[in-house]
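For reference, the structure discussed in these notes is given below.
The values are calculated or read from the model by the stated rules, or taken from the named source; none is laboratory data. These numbers were taken from a predicted model, which means no experiment stands behind them. Cβ sites come from the backbone with ideal geometry, for glycine too, and all protein chains shown count toward neighbours. Keep in mind that these areas ignore ligands, DNA and RNA; they rest on the heavy atoms of the full protein, side chains included. Shrake-Rupley method; radii C 1.70, N 1.55, O 1.52, S 1.80 Å.
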Protein chains: 4
Amino acid sequence: MCRWMAWLGQPVLIEELLFDSPHGIVDQSLHSRMGAETTNGDGFGMGWYGGGDGPAVYHSVAPAWGDANLRELAAHVESPLFLAHVRAAIGSPVQQTNCHPFRRDNWLFLHNGYIAEFAKLRRDLMLALDPELFPEIHGSTDTEVVFHLALTHGLEQDPIGALERTLGVIEAVADSHGVQGAVQGTFGVSDGESLWAVRYATIDRPRTLFASAEVEAIQHLYPENERFQRATPDDRLIVSEPFSDLPGVWHEIAESTAVTVRRGGVLEQQPFRPAAA
Amino acid sequence: MCRWMAWLGQPVLIEELLFDSPHGIVDQSLHSRMGAETTNGDGFGMGWYGGGDGPAVYHSVAPAWGDANLRELAAHVESPLFLAHVRAAIGSPVQQTNCHPFRRDNWLFLHNGYIAEFAKLRRDLMLALDPELFPEIHGSTDTEVVFHLALTHGLEQDPIGALERTLGVIEAVADSHGVQGAVQGTFGVSDGESLWAVRYATIDRPRTLFASAEVEAIQHLYPENERFQRATPDDRLIVSEPFSDLPGVWHEIAESTAVTVRRGGVLEQQPFRPAAA
Amino acid sequence: MCRWMAWLGQPVLIEELLFDSPHGIVDQSLHSRMGAETTNGDGFGMGWYGGGDGPAVYHSVAPAWGDANLRELAAHVESPLFLAHVRAAIGSPVQQTNCHPFRRDNWLFLHNGYIAEFAKLRRDLMLALDPELFPEIHGSTDTEVVFHLALTHGLEQDPIGALERTLGVIEAVADSHGVQGAVQGTFGVSDGESLWAVRYATIDRPRTLFASAEVEAIQHLYPENERFQRATPDDRLIVSEPFSDLPGVWHEIAESTAVTVRRGGVLEQQPFRPAAA
Amino acid sequence: MCRWMAWLGQPVLIEELLFDSPHGIVDQSLHSRMGAETTNGDGFGMGWYGGGDGPAVYHSVAPAWGDANLRELAAHVESPLFLAHVRAAIGSPVQQTNCHPFRRDNWLFLHNGYIAEFAKLRRDLMLALDPELFPEIHGSTDTEVVFHLALTHGLEQDPIGALERTLGVIEAVADSHGVQGAVQGTFGVSDGESLWAVRYATIDRPRTLFASAEVEAIQHLYPENERFQRATPDDRLIVSEPFSDLPGVWHEIAESTAVTVRRGGVLEQQPFRPAAA
């Protein structure tokens, strides 16, 4: 049910992380190890900050592993901050408007997981949107509605607080419909300056989430690794599942935790708890 | 802003009407003469009654003139009742879930025209849906919402009455938002037995709509025309614009008129007036 | 590297074999057990005999598991003879012209496997085509060239003999380029009346191939199975891998064997040996 | 039968020329005035020099006017040298491998027009390719073969001379098959440093081709035009048809002429004549 990654650091060619990592996101589209599904072949999406105004978005219904345009873009676009997502659809159609990340102004948003029995909750959740945002829903995924709920609840002022309020609303709506286990998953957000990520599930274990360790520590562990030697203290990755099996390179984010990554490689964690509506 | 056609009559290979008519719907996708746009290249859709349960639907984002699969289907599927639509998008994305005809159970629905300032009205119109139908909206067109409003208002019991109530609701919602000229266009509906079509605009001239004349009259006019000689009294076509320039073959449907076509070539007309909400 | 199936028997709704079999071809697109790859998500193709002239072909670049149009067609098209194919591309692009089955006049052709180092051999193999057939190559797969070589060598008069001559030519061309293990795979052919299939590899074990057992024997083994009780003695399936684990239902085709299936459930086997050029 | 453009000059956001020009290439995809067809909706292609190694290529089967990814790329990619192409297919399939520009190493190549009766000539023309290049033909257009013939004849050393030899070969092959009017069209080429363009037809008038005038002259003519005031003496455009009706801004390239554009806004013209084989 999807895999995603986010990079904040020195400007890199996107292919370095999408294609040239041992178990990068494109490999995960075909051979995910920790996901609910092995295959994430129901479309690809990527958003990056760089040239032009605001983030660019590329959404494709082709599986990531076979998309010629994706390979081209990845090989020619450099960015200091980008997010990518491979999708395993669970019900909603494979169409560009259902590909992550979703965007509004400077903001990008993506998700791995689901809102339980979304069809049952969809109407009430869409009614809970700021009416101005209602016509901005172009696809049919749960994630797009979650994003616009978060915008409704102040994502642009306080990303983590807004997500706590948003998931609180979703859990309340689910309760009122007798739906169990409303929220499952991990969420990624950026405004072009920082990254935020959340790992949370109403019940059960949430989907996996990892952050790369401090560059200095990684370099110390793997002094012969050329690639790691090219890294700078600014570089951080947040991923659904690690790009490699190397011990010490990846730290699992605990359940019910929110992460903030700021320029300079700063990574902060805090407890995450949906706010009562 | 789209062209459509509907056939009710003897079973025919679909290509006969899509490709082998002088100015059939595929030709209209590239060279519409009466439409708001010359080019209707933003996807194709077709629904037909025949094998299997209920109508089949084929939706494609490729322009009709270049879609290899459409050519195959048209050359190999025979049907006594089918509807086809070429789209010129006005705002909403080119995706299969935005292609007409829309379907529910045995019912097919298509539209040429628009709901004015739909983004502004969308929330209120979706709130007016039977809540059970809310999660059935998979795309982002005005037409899909109109169809589900019509289902909400009894399309399956009384198609024309339901459309009068539906357009009444839309006009009332538009009024409440200060939107002028709420409804523009023509609508086509089928349940697999009969066809219904409506031509209506709140203000100004509605999009064009034509019905084929009685087969006997056509045969009398064109005794040498082999194709017309193959026609049977059962055959009727409803089209956005005529497939040929032959005088006497096509009758324009008057504004504010609803048409019913029943098996046996029966065509009835009646005034159409949106019902006050 | 692809999975395929072919049906010859009573007319059936295509979905019965594509979707409603426990491990049918669409399930194999996502979870192949015996294929070189688990995922066969690089396009789908299907050819069927039924309405209209000659076979119809549907080719899609969407993975079979998520293709809404495929589900529609499968649920509404009935055929007594059809072939379907899920593709795992190995180098050539994901495009409709690379989807199997390939067609010429009444003939359909599909393949699981490869011609080794095809890029190196492609020019010589295309030069070996009947020059009239050269412009009929629209894609870039090895299979399309093999098919046209087989047509060059008399496929329409003697399918198995033509394939023996064709593979003989390919092995000779490969030898002249120092390419080892020229041919790998299974091939399926139909003219709308009969089915032919070949299992062969120049070296190593060829890809798997199975035929369904005689219906009477299957019914005897599984007297409670409703579906098998609906089968008629006419029904035969040829498949890359079995649709179920039921003992006695599937017979593996031996290596270097050609199979002929004729109406009436007749299945004949014979040794297959490429003919020296 | 296609429209194209090429930019060499100061780095610009691609959208400025694709979307924000009054009659830019995307407008031409829907409303070409001088092309053989009004609609060029059978795919889009673009190649640009910038980040990463060599040119990037984006090929899409969606019509340019409705391609959301194209709009994104155009709004976020800046380049000092790029080529774009909208396609009206005449026989060959709408697929990414048939979209221009074609690429090899640093070279991009595109074309408006046709090789007459290409199916008849295709085999001989492909035999005339450097055998090393034969497997590089991935699509089925005449243009891709012309490009590889030009590479065979020294495009990388002497672009215009190579094109003269290439068209000479094509005309000779056509003669040997009794095909009249072998070559029709305009060709555009770049190596990332310079641009070359050719306007030529064996018989009849070739497709149109225009170059933008010297920036200083344009600025003198339109002192109030803000956009022109932002232009630098480096800027040159080569286009199938002008982006505007402004007198003095566009110069028609004469028939049988080759154009070279070098950095610094240098534009040179020379007679173009196919070389006898």
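Neighbouring Cβ atoms from other chains, within 10 Å of the Cβ of residues in D:40-50, number 2 on average. Under a Gaussian network description of chain A, with springs only between Cα atoms under 10 Å, the residue in A:L246, A:L70, A:L209 that fluctuates furthest is A:L246.
Given N residues in the stretch C:1-46, what is Rg(Cα) / (2.2 N^0.38 Å)? Mind dumping the intermediate values first?
Working: Rg = 10.9 Å, N = 46, 2.2 N^0.38 = 9.4 Å.
Working it through for the stretch C:1-46, the quotient is 1.16.
Chain A residue nearest the rotation axis toward B, with distance: A:Q95, 2 (Cβ to axis, whole Å). Considering only Cα atoms, the convex hull volume of chain B works out to 115 Å³ per residue. Which one, C:P223, C:F187, C:T202, projects farthest toward the positive side of the charge dipole computed for the stretch C:175-223 from Cβ point charges (K/R +1, D/E -1)? Among C:P223, C:F187, C:T202, the one farthest towards the positive end of the dipole of the stretch C:175-223 is C:T202. Shape summary: the protein assembly as shown maps onto an equivalent ellipsoid whose semi-axes, from the alpha-carbon gyration tensor, are 40, 40, 37 Å in decreasing order. Taking amide H as placed 1.01 Å from N in the peptide plane, B:E37 has its amide H under 5 Å from the amide H of B:C2, each at least 5 places away in sequence or on another chain.
For B:D105, place a label point 7 Å from Cα along the Cα-to-Cβ direction in every copy; what are the distances to the other copies, in nm, shortest first? Between copies, matching label points for B:D105 lie 4.6, 4.9, 6.7 nm apart. Karplus-based coupling profile of the stretch B:193-210, in residue order and whole Hz: 10, 10, 10, 10, 9, 10, 10, 7, 9, 4, 9, 6, 7, x, 3, 6, 8, 9, with θ = phi - 60° in 6.51 cos²θ - 1.76 cosθ + 1.60 and x standing for Gly or Pro.
Across the identical copies, the label point of B:G91 (7 Å from Cα in the Cβ direction) is separated from its matches by 2.8, 4.4, 5.0 nm, in order from shortest. When Rg and the Kirkwood radius Rh are both evaluated on Cα atoms of the stretch A:86-150, their ratio Rg/Rh stands at 0.92. The peptide list C:152-158, B:175-181, A:50-56, C:71-77, put in order of mean Cβ contacts within 10 Å with the highest first, becomes C:71-77, A:50-56, C:152-158, B:175-181. The Cα-based radius of gyration and maximum Cα-Cα distance (Dmax) for the stretch C:205-259 are 11.9, 36 Å. To the nearest 10, the accessible area of C:Y200 is 20 Å² with a 1.4 Å probe. Our summary of shape: the Cα atoms of the stretch B:3-129 have principal axis extents of 42, 34, 23 Å, ordered from largest down, in whole angstrom. The alpha-carbon atoms of the stretch C:123-277 define a convex hull whose volume equals 124 cubic angstrom per residue.
Amide H contacts for D:F272 (H built 1.01 Å from N in the peptide plane; partners 5 or more residues away or on another chain; cut-off under 5 Å): D:T257, D:A258.
Counting only heavy atoms of the protein chains and using a 1.4 Å probe, B:W250 has close to 40 Å² of accessible surface.
The spread of Cα positions in the stretch D:20-78, taken along each principal axis and listed from longest to shortest, comes to 36, 22, 20 Å. Take C:A276, push a point 7 Å out from Cα through the beta-carbon direction, and compare it with the same point in every other copy: 4.8, 9.1, 9.7 nm, smallest first. For peptide C:53-65, the mean count of partner chain Cβ atoms within 10 Å of a residue's Cβ comes to 5. In the neighborhood of C:V61, defined by Cβ-to-Cβ distances under 14 Å, what is the net charge if each Lys or Arg adds +1 and each Asp or Glu adds -1? Summing Lys/Arg as +1 and Asp/Glu as -1 gives -4.
Placing +1 on each Lys and Arg Cβ and -1 on each Asp and Glu Cβ, with no other charges, gives the protein assembly as shown a dipole about its Cα centre of roughly 0 debye. Mean per-residue shielding of peptide C:91-101 is 4, counting Cβ atoms of other chains within 10 Å of each Cβ. 3J(HN,Hα) along the stretch C:229-238, derived from phi through the Karplus expression 6.51 cos²θ - 1.76 cosθ + 1.60 where θ = phi - 60°, amounts to 5, 6, 5, 10, x, 6, 7, 9, 10, 10 Hz, with x in place of Gly and Pro. Comparing D:E164, D:E144, D:E224 in a Gaussian network model of chain D (Cα springs below 10 Å), the most mobile by mean-square fluctuation is D:E224. For chain C, set up a Gaussian network in which alpha carbons nearer than 10 Å are linked by springs, and say which option among C:S212, C:S256, C:S21 fluctuates the most. Per the Cα network of chain C with a 10 Å cutoff, C:S21 tops the list.
For D:K120, the aspartates and glutamates whose Cα comes closer than 12 Å to its Cα, not counting residues fewer than 8 places off in the same chain, are C:E132, C:E136, D:D142, D:D175. For the stretch D:53-66, backbone phi angles converted through the Karplus equation (6.51, -1.76, 1.60; θ = phi - 60°) give residue-by-residue couplings of 8, x, x, 8, 10, 10, 10, 9, 7, 6, x, 4, 5, x Hz, Gly and Pro being listed as x. Once you reduce the stretch D:142-188 and the stretch B:151-190 to the center of their Cα atoms, the two points are 60 Å from each other.
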